[in-house]
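Let me begin by presenting the structure, written as structure tokens, before commenting on it.
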Amino acid sequence: MTQLLSGVVLVLLLPAWAARRRYGAAAVTTALGAVSVAVTAGVWILGRWTEEDRWPGLLGLVELAALLLAVILSLRSEDGPRCAAAAWTACGAVTLWLSRFEAIAGPGDTLTLFGFGSMLSLPAVLVGLYLRGVDEARNRAVAEAKRTQRLELAHDLHDFVAHDVSGMVAQAQAGAYLAAIDPARAVEMFERIEQAGQRALASLDRTVQLLRSEDGGGRDPQPGLAELIEVAEQFTASGGADVRLELPDQTVPREVEGTVHRIVVEALTNVRRHAAAARTVEIQARCTGGWLELTVINDGWGQTSARPRRGGGSGLPGLTARVEALGGSLDAGPHGQDSWRVAASLPVEGAHRGQERSVQKQGQAVRGVIHV
């Protein structure tokens, strides 16, 4: 009769496994441990097993393995009092299992049971805690990666969308003036406003799509030095200052290219916002001694736009942090009597040697100084 009790816990394994999704691993482990303790008590009352009873022994070993596995799953998936109760109940059942074969006659037998239970339970507890730590570390890493990605997307909105929008504002102001004196040019101006609006909407659509996606996959390649030519042309065409652009003719790391692009876009955006009277903007990017030296100088320092934008921006502070993360430096301030300069130094020692690079615009390689 007592030998039939050896299969009670094993019979309950499948229902318990199905119920864990509803009630949780800790509750299921507590129930299995309680049933195992009840089986042990029943064996004490009805008669203990002997060493010759092989089937109860074999089924009991499977029962012990199931209880220890349940402890691991509980510690991995849950935390708090429920999990502690589950671990204590299951480990206690493991400890008492040996008493199904022999009565506890004294302190020596008690120590034997405690040693037997500790030898089996302690590794299971440590494995469960280790797996939970690994899962928590992975979850933190995923959360941090998502947070970093969202901050990156926020910088994209500021750097690119704000650039297009500020251009639209400047062109709208000029278009309102030209509409009275030169309607033909005003029409061209409003067409450029439409194009800038389309670019801003496209950037917003891409950003919103990335925010909706779970993995953030499918991002377009980060813009680099080659795209600065189009940025400079659009800036000049929108009625801004004339741009004199100089790009390096050697390979630089992609992350440095993207950072330089952001700095230039932010600098040109600030020219529109705060130095609308500027007539020239000089952009120089040169590689010397393992560093890329970037300077953006405009001659409109102190001459603010007619409709100043309220509130301070966060572009340059964010770019400063980005540059410093790459091991470089960024500085912005007055230069001479009537100019404003943004200067950055970025390391380029990580560039792959011997790799040729060309910057093309409309099929022509662009090197050296470019007048826009």
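The values are calculated or read from the model by the stated rules, or taken from the named source; none is laboratory data. Everything numeric here is computed off the predicted structure, so don't read it as measured data. Neighbour counts are summed over all protein chains in view; Cβ atoms, including those assigned to glycine, are modelled from backbone coordinates with ideal geometry. Note: areas computed on protein heavy atoms with side chains; ligands, DNA, RNA excluded. Shrake-Rupley method; radii C 1.70, N 1.55, O 1.52, S 1.80 Å.
Inter-label distance, residue 331 to residue 61: 7.6 nm, where each label sits 7 Å from its Cα along the C-beta direction.
At an R0 of 45 angstrom, the distance between the Cβ atoms of residue 284 and residue 136 translates into a FRET efficiency of 0.40. Sorting 190, 235 by accessible area puts them as 190, 235; the probe is 1.4 Å, largest comes first, and only protein heavy atoms count. On the beta carbon distance between residue 172 and residue 321, with R0 = 22 Å, the FRET formula returns roughly 0.10.
For the stretch 57-154, would you read off the P(r) tail past 15 Å as a percentage of all alpha carbon pairs?
When all Cα pairs of the stretch 57-154 are counted, 68 percent exceed 15 Å.
Modelled this way, with points 7 Å down the Cα-to-C-beta line, the labels at residue 38 and residue 143 are 3.9 nm from one another. Near residue 16: Cβ cut-off under 13 Å, other residues only, Lys/Arg at +1 and Asp/Glu at -1. The net charge is +2. The residues of the stretch 99-149 have, on average, 65 Å² of accessible surface per residue, using a 1.4 Å probe with all protein chains present. Taking all protein chains into account, the per residue accessible area for the stretch 10-68 stands at 60 Å² (1.4 Å probe). Carbon-plus-sulfur accessible fraction, the stretch 22-77 (probe radius 1.4 Å, protein heavy atoms only): 67%.
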